[in-house]
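Here the structure comes first, spelled out in structure tokens, and everything after it is commentary.
Just so it is clear, none of the values below were taken in a lab; they were calculated from the coordinates. Keep in mind that what you see is a predicted model, and the values were worked out from it rather than measured. For neighbour counting, all protein chains shown are included, and Cβ atoms are generated from backbone atoms with ideal geometry for every residue, glycine included.
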Amino acid sequence: MSPRPIRKAVFPVAGLGTRFLPATKAMPKEMLTVLDRPIIQHVVDEAREAGIEHFVFVTGRNKGVIEDHFDRQVELEMTLRERGKAAELAMLEELLPGPGSTSFTRQQAALGLGHAVWCARDLVGDEPFALLLPDMLVKTPGPGCLAQMMAVYGEKGGNIVGVERVDPAEAHKFGIVDIAPGPGPVWPIRAMVEKPAPGEAPSDLYIMGRYILQPEIFDILSGQEAGAGGEIQITDAMRQLMTSQEFYAFAHDGRTFDCGSKVGFVAANIGFGLADDAVAGDLRREIAGLLAEADEVGRT
Ligand code: UTP
């Protein structure tokens, strides 16, 4: 029997983005731009490419602009039309989610990622769903990360957790999976550890912000207490669901940029820029020039 289809994706966008203050004082972190579009647009595009039909956003105060971004801007469209900007108009049209295909709910207090996901329970209902952390941007050579995970889900069913190799010296900053031995890129998960103590990570595979989850996760989240950092953690809920359901780790073939950190955000702009033929050549020259200048300053 083939597994139940994944139609809906959840995007938790209610965090405070404190690492990006003051940029995030009045503007959501998810609206910071990587190359030519907000981070959240990149992630919604990834979900659309994977066949997602309904986009559920868990928002908070100061996040209204995200809702506006996924709506028509009638005055802007009129002006573009008057000025004959057909290409720009077509691009906006292409990026617009279909009518009725977005839902927005509020997480009234940023109590953690697990709590944000739980806030989407009524909008998702009793069906498996995708969960995408919008500040984790994935650049892949071919099909996007979620599309790759959907293919794995089609074969395996159960719950799929996207993973990527991490420098073992950095593993204590992430959720790490313990996997059954095998060649990969799909492995049964034996355990998950949130931010293991240095040197105690069970593998070098970190959970990079893409999940396919069964709806029973919501029942577990309903009774969930705060975990590490005083927040309600999705990893704790997944660990509990693992006692009754299959969980697989899947290593996609791309590279993830953590746009919640300054270095990851800048690296994402460079990475996506270098992959864009329209800007790659000039960008390479700029980077080379900046590096040469920085080296020169370092020598004097
Ligand atoms: P982060 O852990 O990066 O937290 O959340 P944050 O608040 O956005 O940023 P910092 O750490 O203060 O700088 C990962 C994703 O989960 C969402 C965030 O919006 C982000 O997209 N999130 C986090 C919520 O929706 N609600 C929460 O309570 C926590």
Legend entry - Protection-proxy order for peptides 96-106, 116-126, 274-284, each taking the mean of Cβ atoms within 10 Å per residue, highest first: 116-126, 96-106, 274-284
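With the contact rule set at Cα under 8 Å and sequence spacing of 6 or more, what percent relative contact order holds for the range 199-300?
Working: 35 pairs, mean separation 12.3, N = 102.
RCO, the range 199-300: 12 percent.
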Inset, instruction - Please give the length that would be gained between Leu21 and Asp36 if that part of the chain were fully extended, namely 0.36 nm times their separation in residues minus their C-alpha to C-alpha distance (nm, one decimal). - result: 3.3 nm
Inset, instruction - Mind checking the full-extension length gain between Asp204 and Thr243? Use 0.36 nm per residue of separation minus the Cα-Cα distance, one decimal, nm. - result: 11.8 nm
Inset, instruction - Find which of Ala249, Thr105, Ala268 sits farthest along the positive direction of the dipole of the chain, computed with +1 on the beta-carbon of Lys and Arg, -1 on that of Asp and Glu, about the Cα centre. - result: Thr105
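List the relative contact order of the chain as a percent without decimals, with contacts defined as Cα pairs under 8 Å and 6+ residues apart. Intermediate results must be reported in sequence, preceding the final value.
Details: 516 pairs, mean separation 66.3, N = 300.
For the chain, the relative contact order is 22 percent.
To the nearest 20 debye, what charge dipole does the range 151-240 have about its Cα centre, counting +1 at the Cβ of each Lys and Arg and -1 at the Cβ of each Asp and Glu?
On the way: 7 positive and 13 negative charges, 42 e Å.
The calculated dipole for the range 151-240 is roughly 200 debye.
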Inset, instruction - Provide the three semi-axes, in whole Å and in decreasing order, of the ellipsoid equivalent to the chain as defined by the square roots of 5 times the Cα gyration tensor eigenvalues. - result: 31, 26, 19
Legend entry - Stretch gain in nm, segment Asp45-Ser103, where the contour uses 0.36 nm per residue and the Cα spacing is subtracted: 19.3 nm
Inset, instruction - Distance between Cα centroids, the range 239-300 to the range 92-131: provide it in whole Å. - result: 26 Å
Inset, instruction - Describe numerically, in nm with one decimal, the distance between label points set 7 Å from Cα along Cα→Cβ at Arg7 and at Glu296. - result: 6.1 nm
Legend entry - Lys, Arg +1 and Asp, Glu -1 on Cβ, resulting dipole of the chain about Cα centre, debye, nearest 20: 320 debye
Legend entry - Table column - 3J(HN,Hα) (Hz), the range 168-173, Karplus curve with 6.51, -1.76, 1.60, x for Gly and Pro: x, 5, 9, 4, 5, 8
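Order 51-58, 40-47, 292-299, 88-95 from most to least packed using the mean count of other Cβ atoms within 10 Å.
The peptides rank, most packed first, as 40-47, 51-58, 88-95, 292-299.
In the structure shown, do any of Lys8/Lys262; Lys29/Lys156; Lys139/Lys173 have a Cα-Cα gap over 28 Å, and if so which? Intermediate results must be reported in sequence, preceding the final value.
On the way: Lys8/Lys262 30 Å; Lys29/Lys156 34 Å; Lys139/Lys173 21 Å.
Where the Cα-Cα span goes over 28 Å, the pairs concerned are Lys8/Lys262; Lys29/Lys156.
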Legend entry - Dipole of the chain [Lys/Arg +1, Asp/Glu -1 at C-beta], most positive-end residue of Ser2, Asn62, Met31: Asn62
Legend entry - 13 Å cut-off, amide nitrogen to a point 7 angstrom out along Asp253 Cα→Cβ, residues in the range 166-207: 185
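Can you compute the FRET efficiency between Val65 and Ser222 using 1/(1 + (r/R0)^6), with r the Cβ-Cβ distance and R0 = 35 Å? Round to the nearest 0.05. Walk me through the numbers on the way to the answer.
Working: r = 31 Å, r/R0 = 0.87.
Step by step, r from the Cβ atoms, then E = 0.70.
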